[in-house]
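Working notes, structure below.
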Amino acid sequence: MNASRTNTSRRGVPQPSTAGRTRTARRAAVVGGVAASAVVLLAGPALAHVGVQPVGEAAKGGYATVNFKVPNERDDASTVKLEVNFPTEHPLASVSPQAVPGWKIAVTKSKLDKPIEMHGKQITEAVSKVTWTATGDAKVAPGYFQQFPLSIGQLPEDADQLVFKTLQTYDNKEVVRWIDAPTEGAEPESPAPVLTLTAATEDGHGAAAGAKDDDAKGGAEHASDQSDGEHGATENAASSDSSDGTARGLGIAGIVVGAAGVAFGVLAGRRRTPSTGTPATPAS
């Protein structure tokens with residue numbers, strides 16, 4: 001009777017079909033694959049393109065050292081050439097590349113339509129392009145990146161960023177053009193390297209505005225500070241001697257009090273012992 005009831009109750013409970021479970025698993029796999037593909041597609045351009053970053057800050061009106069970072073985004077080719085074009089609307093008259101082992105560097109200058117003034121001089125030409133070309137076995141191989149440093153200036157005071165349109169050439173003759181200017185709300189398909197400029201809180205050479213005044217005051221105040229320091233050293237020495245004397249006195253007093261306590265304990269123990277000289281009976 002009990003077995004019959006048990007079998008009946010089991011038959012009454014609907015069981016999920018194998019086909020339903022299979023469809024659910026397939027749907028989950030498809031959704032997961034689409035999500036993963038979307039992440040790869042969105043992250044790929046941001047990680048692979050040529051970029052530029054300052055060493056420290058790139059302040060308006062000053063000078064900066066920047067690194068052009070060039071990753072290799074191909075699995076079967078190596079980067080052998082990099083061409084960085086400088087913005088013509090904000091010409092930079094001072095550009096100095098740092099030597100990169102195995103790469104030949106060429107700096108191209110062009111005449112300016114309108115001369116600019118720098119350090120009291122009229123500048124009629126500015127750097128329009130810097131090109132790095134691999135020599136020998138020097139290449140940016142698949143899975144690697146290379147940095148190309150430059151010292152640039154004087155940075156404009158009326159701009160928030162500089163856009164450097166760049167060409168990346170591979171040894172299979174492929175040329176990738178990183179020339180798209182940034183747009184608000186979305187990243188271009190082939191974004192150009194963008195250098196963000198910070199507020200001009202210091203002078204063109206990176207020294208604080210009041211640094212020179214502070215240096216001038218420092219020499220005049222040095223003698224007075226030295227005299228005050230010697231006077232203070234004398235007072236500190238006297239204070240130190242006084243403190244040492246107090247500490248020694250307190251230490252001696254502590255020793256005396258400790259010795260008195262020990263003597264008192266010994267005498268108290270003797271008073272508890274009977275005068276017959278027999279050992280005291282322990283309390284029950």
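The values are calculated or read from the model by the stated rules, or taken from the named source; none is laboratory data. The structure presented is a predicted model; accordingly, all values stated were derived computationally and were not measured. All Cβ positions, even for glycine, are placed from backbone atoms using ideal geometry, and neighbour counts span all protein chains on display. Protein only, heavy atoms only, side chains kept; ligands, DNA and RNA dropped before computing areas. Shrake-Rupley method; radii C 1.70, N 1.55, O 1.52, S 1.80 Å.
For every residue, the table says whether it meets (1) in a helix (DSSP H, G or I); (2) surrounded by fewer than 18 Cβ atoms within 10 Å (Cβ to Cβ); (3) in contact with a His (Cβ under 8 Å, 6 or more places away or on another chain); (4) charged (D, E, K, R).
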position: Gln53; (1), (2), (3), (4): no, yes, no, no
position: Asn67; (1), (2), (3), (4): no, yes, no, no
position: Asp75; (1), (2), (3), (4): no, yes, no, yes
position: Val80; (1), (2), (3), (4): no, no, no, no
position: Glu83; (1), (2), (3), (4): no, no, no, yes
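crowded, with 20+ Cβ neighbours inside 10 Å and over 13 Å from Phe148 (Cα atoms): does that describe Gly62? Working first, answer last.
Working: crowded, with 20+ Cβ neighbours inside 10 Å: yes; over 13 Å from Phe148 (Cα atoms): yes.
Against the criterion (crowded, with 20+ Cβ neighbours inside 10 Å and over 13 Å from Phe148 (Cα atoms)), Gly62 qualifies.
Quick one: in the stretch 64-94, which of the residues that are among the hydroxyl-bearing types (Ser, Thr, Tyr) and modelled with pLDDT of 95 or more is farthest from Lys139 (Cα to Cα)? Walk me through it before giving the result.
In the first step, residues of the stretch 64-94 are kept if they are among the hydroxyl-bearing types (Ser, Thr, Tyr); the result is 65, 78-79, 88, 94.
Checking which are modelled with pLDDT of 95 or more leaves us with 65, 78-79.
Details: Thr65: 23, Ser78: 6, Thr79: 6 Å.
Among those that are among the hydroxyl-bearing types (Ser, Thr, Tyr) and modelled with pLDDT of 95 or more, it is Thr65.
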Give the residue, chosen from Gly61, Gly143, that is under 25 Å from the mean Cα position of the chain (by Cα), closer than 20 Å to Leu197 by Cα and not β-branched (Val, Ile, Thr). Gly61
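Just the residues that are under 30 Å from Lys173 (Cβ atoms) and either touching a residue at least 40 places away in the same chain (Cβ under 8 Å) or in contact with a Pro (Cβ under 7 Å, 6 or more places away or on another chain) (or both), please, taken from the stretch 110-137. I'd like the intermediate steps shown before the answer.
Looking only at the stretch 110-137, we keep the residues that are under 30 Å from Lys173 (Cβ atoms), and these are 110, 127-137.
Those that are under 30 Å from Lys173 (Cβ atoms) and either touching a residue at least 40 places away in the same chain (Cβ under 8 Å) or in contact with a Pro (Cβ under 7 Å, 6 or more places away or on another chain) (or both): Val127, Ser128, Lys129, Val130, Thr131, Trp132, Thr133, Ala134.
Can you name the residue in the stretch 158-201 that is of a type in the set (S, T, N, Q) and open to solvent by 10 Å² or more (accessible area, probe 1.4 Å) and is also nearest to Ala134 (Cα to Cα) among such residues?
Filtering the stretch 158-201 down to residues of a type in the set (S, T, N, Q) leaves 161, 166, 168-169, 172, 183, 190, 196, 198, 201.
Applying the additional criterion that residues be open to solvent by 10 Å² or more (accessible area, probe 1.4 Å) yields 161, 169, 172, 183, 190, 196, 198, 201.
Numbers: Gln161: 29, Thr169: 10, Asn172: 14, Thr183: 32, Ser190: 23, Thr196: 28, Thr198: 33, Thr201: 39 Å.
For the stretch 158-201, the residue satisfying everything is Thr169.
Filter the stretch 85-109 for residues that are of a type outside the set (A, V, I, L, M), outside any loop (DSSP other than H, G, I, E, B) and touching a residue at least 60 places away in the same chain (Cβ under 8 Å) and give the result.
From the stretch 85-109, those of a type outside the set (A, V, I, L, M) are 85-91, 94, 96-98, 101-104, 108-109; that's our starting set.
Filter again for outside any loop (DSSP other than H, G, I, E, B), leaving 85, 94, 96-97, 103-104, 108-109.
Correct list: Asn85, Ser94.
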Among (1) part of a strand (DSSP E or B); (2) under 25 Å from the mean Cα position of the chain (by Cα); (3) surrounded by fewer than 17 Cβ atoms within 10 Å (Cβ to Cβ), which single condition is Glu125 missing? (2)
